[in-house]
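The values are calculated or read from the model by the stated rules, or taken from the named source; none is laboratory data. Nothing here was measured: the structure is a model prediction, and the numbers come from that model. Ideal geometry is used to build each Cβ from the backbone, glycine not excepted, and the neighbour counts take in all protein chains shown. Just the protein is used for accessible areas: all its heavy atoms, side chains included, with ligands, DNA and RNA removed. Shrake-Rupley method; radii C 1.70, N 1.55, O 1.52, S 1.80 Å.
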Amino acid sequence: MRAVRMTAPGVLEQVEVATPTAGPGEVLLRVGAVGACHSDLHILDAPAGTFPTPITLGHEIAGTVDQVGAGVTGWSAGDRAAVYGIIGCGRCRACLRGLENQCRVVPVGGVGLSRDGGLADQVAVPASRLLRIGDMDLTQAAPLTDAGLTPYHAIELARPKLRPGTTCVVIGIGGLGHMAVQILVATTAVRIIAVDTSVAALDLASRMGAHEVVQAGPDSVDKIRALVGPPPDGADVVLDFVGADPTLTTARQVVATGGRLLLVGLAGGTLPVRPVADEPPTVPLETSVEVPFWGTRAELQEVIALARLGQLHADVQAFPLDQAPEAYELLRRGEIHGRAVIVP
Ligand SMILES: [Zn+2]
Ligand SMILES: [Zn+2]
């Protein structure tokens, strides 16, 4: 079968590989769609040895069951499913609470991260990773598993602060940010301020229900402050889906006293935290900073429910498998709007 693999650090190419079989407890899925994620670029750019090579990338997968392995019950050929990408140890304190995204044993492990992923005609995954999607379009279902789940999890963490009438600033309206806006619209009554450098991304945010849009630049903080008022007031919650120095600076300078900063993007910026009383603190008093990671299986089920109710829709740009490397190049250059989805 065809597979798009990282054959060496930084090298992504389409190759022919043997079709996998479903081992005990596993299911062989015919891949219907795979989302192209910024994390894949971080995997490609990581130093040698950080991730195994060769490895088939793709951790945002939806497909149809082809074959079930020994011991699998509840799934049969023809069933349609989305894949929860994380594979925790299943036994530690966090996993036992359903928080496999906080597994204390397995360092960031999962489909397309520590074992072959979905950028291929078929992929074998543990049956425990599958969630039912009904008759949903597979190109819509795939992005739910990360581009939908990750912002949903961050919003769940911040939910106590997302009271009716409060303000949430969403920085970065890409694959995750445009889903975040819709999740906020569907599950809260907050005022949403979308921030991005791209006018097209801001148009997308408006279509998805953002109440205000701010084009990012040197005056980002002033523009957002004009909407949320001066300190110690400000945005109750800030979701940063970029995580670069300029966005982290904006985030900490617009959040309210007692607010919450959720740093989701992995662009490698630094957030200084310096508690001081005699000058403006780097982060307001009583403000918490969190670094959410992906989400839980239970949350993915809720994300799928939102989509099936018509309240969450990925803005998708589809590419055939042999154009996957080009799709990642466009993603790297910031030329994808919404989510790029590879359709084998
Ligand atoms: Zn991802
Ligand atoms: Zn664990």
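Observations
- Residues located in the range 303-312, provided they are surrounded by fewer than 17 Cβ atoms within 10 Å (Cβ to Cβ) and either small (Gly, Ala, Ser) or within 15 Å of the chain's Cα centre (by Cα) (or both): 305, 310
- Residue match in the range 60-68 (condition: over 22 Å from residue 267 (Cα atoms) and within 16 Å of ligand 2 (Cβ to nearest atom)): no
- Within the range 44-75, tally of residues that are more than 16 Å from ligand 1 (Cβ to nearest atom), over 12 Å from residue 22 (Cβ atoms) and not hydrophobic (A, V, I, L, M, F, W, C): 9
- Members of the range 213-242 found to be on the phi > 0 side of the Ramachandran plot and in contact (Cβ under 8 Å) with a residue 40 or more places away in the chain, listed by number: 234
- In the set (1) within 16 Å of ligand 2 (Cβ to nearest atom); (2) modelled with pLDDT of 95 or more; (3) out of contact with any Asp or Glu (no Cβ under 9 Å at 6 or more places or on another chain), residue 11 fails one condition alone, (1).
- Here 300, 261, 248, 271 are screened, and the one residue that is out of contact with any Asp or Glu (no Cβ under 8 Å at 6 or more places or on another chain) and either touching a residue at least 40 places away in the same chain (Cβ under 8 Å) or not in a loop (DSSP other than H, G, I, E, B) (or both) is 300.
- Residue match in the range 128-141 (condition: among the hydrophobic types (A, V, I, L, M, F, W, C) and either in a helix (DSSP H, G or I) or within 16 Å of ligand 2 (Cβ to nearest atom) (or both)): yes
- Among the numbered conditions (1) at negative phi; (2) open to solvent by less than 30 Å² (accessible area, probe 1.4 Å), the only one that residue 172 does not meet is (1).
- Filtered residue count, the range 73-88, keeping only those that are within 16 Å of ligand 2 (Cβ to nearest atom) and without any contact (Cβ under 8 Å) to a residue 24 or more places away in the chain: 1
- Among the residues of the range 28-42, those identified as touching a strand residue (DSSP E or B) at 6+ places or on another chain (Cβ under 7 Å) and either within 16 Å of ligand 1 (Cβ to nearest atom) or among the hydrophobic types (A, V, I, L, M, F, W, C) (or both) are 28, 29, 31, 33, 34, 35, 36.
- Of the residues making up the range 89-101, those that are closer than 30 Å to residue 137 by Cα and more than 8 Å from ligand 2 (Cβ to nearest atom) are 98, 99, 101.
- Taken over the range 207-263, residues that are farther than 18 Å from residue 179 by Cα, under 21 Å from the mean Cα position of the chain (by Cα) and surrounded by fewer than 18 Cβ atoms within 10 Å (Cβ to Cβ) amount to 3.
- Residues being within 23 Å of residue 334 (Cα to Cα) and open to solvent by 10 Å² or more (accessible area, probe 1.4 Å) - total across the range 176-201: 7
- Among the residues examined, residue 164 does not qualify as open to solvent by 10 Å² or more (accessible area, probe 1.4 Å) and without any contact (Cβ under 8 Å) to a residue 12 or more places away in the chain.
- Pair list, Cβ < 7 Å and 6+ apart or interchain, from the range 89-109 residues that are within 16 Å of ligand 1 (Cβ to nearest atom) and of a type in the set (S, T, N, Q) to residues that are at pLDDT 95 or above and open to solvent by less than 20 Å² (accessible area, probe 1.4 Å): 101/86; 101/294; 101/295; 101/296
- Look at the range 10-38: where a residue is within 13 Å of residue 130 (Cβ to Cβ) and a partner is among the hydroxyl-bearing types (Ser, Thr, Tyr) and within 16 Å of ligand 2 (Cβ to nearest atom), sitting 6+ places away or on another chain with Cβ atoms under 9 Å, you get 25/128.
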